[in-house]
Amino acid sequence: MTAESSERAEHAGTGASYAAAGVDIEAGDRAVELMKEWVKKTRRPEVLGGLGGFAGLFDASALKRYERPLLASATDGVGTKVDLARRMGVYDTIGHDLVGMVVDDLVVCGAEPLFMTDYICVGKVHPERVAAIVKGIAEGCVLAGCALVGGETAEHPGLLGEDDFDVAGAGTGVVEADHLLGADRIRTGDAVIAMASSGLHSNGYSLVRHVLFERAKMSLDQQVEEFGRTLGEELLEPTKIYSLDCLALTRTTEVHAFSHVTGGGLANNLARVIPDNLHAVVDRSTWTPGAVFDLVGTAGDVERLELEKTLNMGVGMIAVVPEESVDAALTTLADRGVDAWVAGEITDRGERTTGAELTGTYAD
């Protein structure tokens, strides 16, 4: 992980310098030193070499235990949630969000996340700040069981303000071909199991910021009784990482599919794993969305359907399992501390035009 601009300008003989152009290589080197201890905590036995190389190395001979290994890859960021982290000066949680967005896309097909790389773009390298971001990414990788094998910290003076930053990441996982999960496994009568989110996760923040700060004129340091903490603390609550919980589920019972509830909301994301001839019906009365969802709706006069197609509404991951696997699935998740419940079922599509729908009214 080096701190260098994506554009390299040559200034030889002009009296100019990279530092004068706004790129501080020494600060980048300091950031690398500070982040090393956190990256080391994510190390898996298959990882070769250390931080600072041009490429991260992962021993692919570990895949020999698979008969037909399929590699899965995913890339994502955390959107405008980074703006709230910047405004609050809190940088050690946003990495959890990044990891969750990437690895939980991988696990949807049944893949075990193996390793990640990150990309951090800043207006100016503040070593402690960059290290705090990487600390969060490393902690997220530990929670996901994957290694952080490398990345890039890029300084973009003139394009970003000195305090501005963005983060993105890419991950690779592996799944045995015969164990690949997805729409082709789903059957009529399967149960839809919902797993609770930790809050907004990392989607819908453009709407949230518009509603709460521009329309309702709320402030990040404002105490909100329903939250028992400030608005900013609630909004920065890290994304829950489900990958190890989902993998545990596949080892203890039969699972047909997972759906990661991200941008687009629960129904749209669930529909992505439902075959054309079937339909998922999810009953709203089986859970109560957290107070933050109600606040966004009431403060901005946002209609329920608009909220549901933008936010996760309290459900971060869905598992579709055979009816006979429900008890075992719920027991496994409960043993792992995951709040989960049966939220719906799979039916024949009939005349319906969508793959999934929400019915009923949320519980009080």
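The values are calculated or read from the model by the stated rules, or taken from the named source; none is laboratory data. Every value quoted in this text rests on a predicted model; they were computed, and no experiment measured them. A quick note on method: Cβ atoms are made from the backbone with ideal geometry, for glycine too, and the neighbour counts reach across all protein chains shown. Heads up: the accessible areas ignore ligands, DNA and RNA and are worked out on the full protein's heavy atoms, side chains in. Shrake-Rupley method; radii C 1.70, N 1.55, O 1.52, S 1.80 Å.
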Checking 363, 334 in turn, the sole residue that is surrounded by fewer than 21 Cβ atoms within 10 Å (Cβ to Cβ), more than 23 Å from the chain's Cα centre (by Cα) and of a type in the set (Gly, Ala, Ser) turns out to be 363
With respect to residue 314, determine if the residue is touching a strand residue (DSSP E or B) at 6+ places or on another chain (Cβ under 8 Å) and either among the small types (Gly, Ala, Ser) or free of Cβ contacts under 8 Å to residues at least 24 places away in the same chain (or both).
yes
Can you tell me how many residues within the stretch 75-101 are outside any helix (DSSP H, G or I), closer than 15 Å to residue 241 by Cα and open to solvent by 10 Å² or more (accessible area, probe 1.4 Å)?
3
Restrict the check to the stretch 127-135 and report whether at least one residue is open to solvent by 30 Å² or more (accessible area, probe 1.4 Å) and farther than 20 Å from residue 240 by Cβ.
yes
Is at least one residue of the stretch 228-249 more than 19 Å from residue 82 (Cα to Cα), of a type in the set (Phe, Trp, Tyr) and at pLDDT 95 or above?
yes
Subset of the stretch 267-289 [open to solvent by 30 Å² or more (accessible area, probe 1.4 Å) and not β-branched (Val, Ile, Thr)]:
268, 271, 272, 276, 277, 283, 285
Reported set for the stretch 232-276 where residues are over 21 Å from the mean Cα position of the chain (by Cα) and either without any contact (Cβ under 8 Å) to a residue 60 or more places away in the chain or in a loop (DSSP other than H, G, I, E, B) (or both) is 251, 253, 254, 255, 256, 274, 275, 276
Any chance the stretch 213-233 includes a residue that's closer than 30 Å to residue 66 by Cβ, crowded, with 16+ Cβ neighbours inside 10 Å and in contact with a strand residue (DSSP E or B) (Cβ under 6 Å, 6 or more places away or on another chain)?
no
For residue 173, are the conditions met, namely being among the small types (Gly, Ala, Ser), crowded, with 19+ Cβ neighbours inside 10 Å and under 30 Å from residue 278 (Cα atoms)?
yes
With respect to the numbered conditions (1) surrounded by fewer than 24 Cβ atoms within 10 Å (Cβ to Cβ); (2) in a strand (DSSP E or B); (3) at pLDDT 95 or above; (4) of a type in the set (A, V, I, L, M), which one is the sole condition not fulfilled by residue 114?
(1)
